[in-house]
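Read the structure below first, then the notes.
The values are calculated or read from the model by the stated rules, or taken from the named source; none is laboratory data. None of the values given here were measured: they were computed from a predicted structure. Backbone-built Cβ (ideal geometry, glycine too); neighbour counts: all protein chains shown. Surface accessibility is based on the protein's heavy atoms, side chains included, excluding ligands, DNA and RNA. Shrake-Rupley method; radii C 1.70, N 1.55, O 1.52, S 1.80 Å.
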Amino acid sequence: MTLLDGILDFGSAPEPTYYDILSIGKSAAQDEIKRAYYAAVKRVSPEHNPREFEQIKAAYEALRDAQKRLKYDSKLELSPPEIMRLEDARAYLSMEKTGKAVKAYEDLLKKKPGNLLVMEGLAEAYRERGFINKAIGQYEKILAANEQDMLIWSDYTGCLLERGLTGQAEVAMQKAVALNEQYDLKNGDILLDAIIYYMDLDDDFTRICFDRLHKIGLATISTYQDPAMVIINMVLRIKAADFAKDALLLGKNIKPQDYGYEKIEKLLLIKELAELNSNEDFDDVFINMFELLIDNSGTPRERMEQLCMEGYLLNENPPLMRKQVRKTAVLYPRLFALNSSFFNKFLQEKNEQRLWEANYAESRSLLRKHPEFVKIFSDECEDDGDWEGEFAEAEKLTPVRTEPKIGRNDPCPCGSGKKYKKCCGS
């Protein structure tokens, strides 16, 4: 259960109020709230009075955050019957009974005009009901009363985009980003929303959002987002190497124990790929190969692409390619490890012919199993000759056995009565 759920779960709401628990008035400033909290935790032992200690913590968490405090104050404005009606409205919404939810919220708003909790619930109900224009109007009223609520800005821009009002959505998103900076709210979610939306539209604004998210850190992104995958997706979508490297710097806030080893390992691979991408000493085939290997799911098509790239290394100035492979092993060890089996053999010149023959045999085998690849790779590799013609010619030259294979212990077909291995097969 989140803190906000705790605030809204009025059936178990603590008595007295959070203000009473900290012994402060409703108009207390942040410094006063902090002093009251420290005094309370010194007075109450978590071992001897765990319930009271948890109440003190809950009170402080609700009142120290301006937005949570506003919502808590809105709750205090409601009478017990109104609280019950609000609970009913939330229950209707959770059960997708949006018509009843809208009616319940509208009835409450008539009694408590301007109550933020009720207004937000009504806006959400309108949106779920499909009344997008009404939801937009309700969100605008909320923002007029409280422009610092970044979650409302995010929902508001989402509604505008659903309605097809892209121009208004972009203006709203830019204003939200500006307010986030103006009030030093350190809300990573609104910056992330802006980055994802503007990534392909406005490099300058995307850069501003990147810089601000870098400054406040990934910890400011809500738990429903996965920071590791956010960064990976951003890097994969942004082709410019400098943007990719800047995005990866944000990964300093990611801890492997929080987000899983595999995701962090992938993040490190992409970091090396971004660095290699900006290194002009490397042939593009290395960048393409590693992009393929990082997201390789083991399909025949991907294996064929890998064989094509390995074939390029074997055919296109192998001494120069070996030099670049050696540099990869030193500068980008994680990328090198993705294809170390091939690379280690390729680095020894004596293996060159054997590797080429193995590459050719496996490629031809894949083309035989997947004839559609002949056309695909013929179109993608126009400079590498006539794939279809060469493949057809190679198939003509391939010996085809017309008789069953004779086993070594089978009777020799010459009629001698001896085993094949002791006669004609010797």
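In this view, the solvent-accessible surface of Lys345, computed with a 1.4 Å probe and all protein chains in place, comes to about 100 Å². Distance between the pseudo-spin-label points of Lys369 and Arg326 (7 Å out from Cα toward the beta carbon): 3.6 nm. Is the shape of the range 1-145 best called rounded, prolate or oblate, per the rule: a/c under 1.5 gives rounded, else a/b larger than b/c gives prolate, else oblate, with a ≥ b ≥ c the square roots of the Cα gyration tensor eigenvalues? Prolate. Among the protein heavy atoms, those of His214 account for about 80 Å² of accessible surface (1.4 Å probe, every chain in place). Ordering Glu372, Glu352 by accessible surface, largest first, gives Glu372, Glu352; the 1.4 Å probe counts only protein heavy atoms, with every chain in place.
In this label model, Cys414 and Asn133 are separated by 9.7 nm, measuring between points 7 Å along each Cα→Cβ vector.
Shape of the range 146-193 from its Cα gyration tensor (a ≥ b ≥ c, root eigenvalues): rounded if a/c is under 1.5, otherwise prolate when a/b > b/c, or oblate? In terms of gyration-tensor shape, prolate.
Cβ-Cβ distance of Asn351 and Ser278, R₀ of 30 Å, FRET efficiency by 1/(1 + (r/R0)^6): the value works out to about 0.45. Accessible surface calculations at 1.4 Å, restricted to protein heavy atoms, place the range 25-99 at 61 Å² per residue. For the range 19-80 versus the range 283-313, the spacing of their alpha-carbon centroids is 58 Å.
Measure off, as a whole percent, the carbon and sulfur share of the 1.4 Å-probe accessible area of the range 1-151, all protein chains present. Display every interim value, and only then the final one.
Values: 4220 of 8320 Å².
Carbon with sulfur: 51 percent of the solvent-accessible area.
Summing Lys and Arg as +1 and Asp and Glu as -1 over all other residues whose Cβ lies under 12 Å from the Cβ of Ile21 gives a net charge of -2. In terms of its alpha-carbon gyration tensor, the range 95-178 comes out oblate; a/c meets the 1.5 threshold, while b/c is at least as large as a/b. If you sort Tyr18, Tyr37 by accessible surface, 1.4 Å probe, largest first, the order is Tyr37, Tyr18.
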